[in-house]
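The values are calculated or read from the model by the stated rules, or taken from the named source; none is laboratory data. The structure displayed is predicted, hence computed values, not measured ones. Note: ideal-geometry Cβ built from the backbone for every residue, glycine included; neighbour counts use all protein chains shown.
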Amino acid sequence: MEAFLARLYIDQGFRERFLAGTLTATEWRGLSDHELAALDQIDRVGLQMMSDSLRAKKAGHPDH
Amino acid sequence: MVAVEGAGAAAAEVAVVDRADRFGLGWRPALAVDLYRCLDRIDVLEFIVDDWLDAGAQERASLRSWCRKRPTHLHGVGLGLASTVPVDPARLEKLARLVAAMEPEQWSEHLSFVRAGGHEIGHLAAPPRSPASVAGACANIERATTIIGRTPLMENIATLIDPPGSTLDECAWITAIIRSSGAGFLIDLHNLHANAVNFGYDARAALDALPLEHAVAVHLSGGRWIGRVLDDHLHDPPDAVYDLLGAVAERCPGPLDVIIERDGNYPAIEVLCDQFDRARACVAAGRQRREKP
């Protein structure tokens, strides 16, 4: 789950495919039913803010 | 008045201060000259340890000099101890060499993960709060303690997203890790405030569910509103954070090191010193309430 979240936060293409529901079965591999259900209910606003914050930080704008 | 623990041969050169409660700042390069000028107002300093891991001899000598001027905390951001993934021993050994050389009074890290599955997040992220991540964090804290030779303080983090897959609330998760691992608790009050606002709980009520009996240090900082509270360290601590500080002092049995973190948009050093003078007043009021409820 941590690996999935880490990629979700930093990989824009992965995140867009996740939000569009087009990830492949291989990309979902290793997640439990509980984790899959949790990801189905993910806070999409928070996810976008988190990824925007990480992108700003990488661009040199401290924000933590 | 007590001697500084763990300072070894450097103890004689560390200024002895009132150990009841202490107040200070996070050292940043842009603040260094002004910090030196205002050192008489500062009890304790904190350094971001990751900035010094690859430092050359001259920079390390500079850090060592600061560590001998005031009691020091070395504060890490890159280990990712709150994870089901075992922490990299090479990172710990590198940190251990720096801690051994600098002899800080404390070292600290965050209750966060920062990488997994080959993906470097580049920031602090909240893992799913579950028994598995409690166990992973405790195992990593034990690994770190073994290699570094002393137990860290562990800090609660701010998050913009409620970590999916959680089965424990934030306070229960933090408490389980702190009490099970034996780590000291570094409570960041702006992180607590931000999460409380962002996820709809009462920060002051949350204090009663946190392991304040293990609290050793406090962070104060500020942030901005982006639709949620972003903990950016670029703004002054809000009034709510000072209110929480008084409440923490009222509840905590032990002495606290209260440290203001500022990462940019720096005001004059006198303004920062005034902020920890305000913090002193809040702690004093909280201590009075503790003695005379």
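The table below lists the values:
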| quantity | calculated |
| --- | --- |
| Output for the range B:272-293, where each listed residue is modelled with pLDDT of 95 or more, under 27 Å from residue B:48 (Cβ atoms) and among the aliphatic types (A, V, I, L, M) | B:279, B:283 |
| Every residue from the range B:163-174 that is in contact with a strand residue (DSSP E or B) (Cβ under 9 Å, 6 or more places away or on another chain) and within 15 Å of residue B:208 (Cα to Cα) | B:174 |
| Failed condition for residue B:263, given (1) away from chain A (no Cβ under 12 Å); (2) touching a residue at least 40 places away in the same chain (Cβ under 8 Å); (3) part of a loop (DSSP other than H, G, I, E, B); (4) not basic (Lys, Arg) | (1) |
| Residues of the range B:103-119 classified as without any contact (Cβ under 8 Å) to a residue 40 or more places away in the chain and not aromatic (Phe, Trp, Tyr), total | 6 |
| Matching entry among B:234, B:272, B:220 (being under 17 Å from the mean Cα position of the chain (by Cα), crowded, with 20+ Cβ neighbours inside 10 Å and of a type in the set (A, V, I, L, M)) | B:220 |
| Qualifying positions in the range B:208-224 - outside any loop (DSSP other than H, G, I, E, B) and either closer than 24 Å to residue B:134 by Cα or away from chain A (no Cβ under 14 Å) (or both) | B:212, B:213, B:214, B:215, B:216, B:217, B:218, B:219, B:220 |
| Lone unmet requirement of (1) at pLDDT below 95; (2) crowded, with 16+ Cβ neighbours inside 10 Å for residue B:254 | (2) |
| From the options A:53, A:32, residue that is of a type outside the set (Asp, Glu) and under 27 Å from residue B:225 (Cβ atoms) | A:53 |
| Residue satisfying condition, being under 23 Å from residue B:71 (Cα atoms), of a type in the set (A, V, I, L, M, F, W, C), buried (at least 23 other Cβ atoms within 10 Å of the Cβ) and touching a residue at least 24 places away in the same chain (Cβ under 8 Å), within set B:212, B:245 | B:245 |
| Strands (runs of 3 or more DSSP E) wholly inside the range B:111-207 that include at least 3 residues being surrounded by 24 or more Cβ atoms within 10 Å (Cβ to Cβ) | B:184-188 |
| Test: residue in the range B:68-84 that is of a type in the set (D, E, K, R), within 25 Å of residue B:272 (Cα to Cα), part of a loop (DSSP other than H, G, I, E, B) and touching a Lys or Arg at 6+ places or on another chain (Cβ under 6 Å) | no |
| Residue in the range B:88-109 that is closer than 18 Å to residue B:74 by Cβ, aromatic (Phe, Trp, Tyr) and surrounded by 20 or more Cβ atoms within 10 Å (Cβ to Cβ) present | yes |
| Filter result for residue B:227 (part of a loop (DSSP other than H, G, I, E, B), within 14 Å of chain A (Cβ to nearest Cβ) and more than 23 Å from residue B:74 (Cα to Cα)) | yes |
| Criterion violated by residue B:200 - all others in (1) of a type in the set (Gly, Ala, Ser); (2) within 13 Å of chain A (Cβ to nearest Cβ); (3) under 23 Å from residue B:25 (Cα atoms) satisfied | (3) |
| Test set (1) closer than 29 Å to residue B:53 by Cα; (2) in contact with a strand residue (DSSP E or B) (Cβ under 9 Å, 6 or more places away or on another chain); (3) not acidic (Asp, Glu) - residue B:198 fails condition number | (1) |
| Selection count where residues are part of a helix (DSSP H, G or I) and surrounded by 15 or more Cβ atoms within 10 Å (Cβ to Cβ), scope the range A:12-35 | 4 |
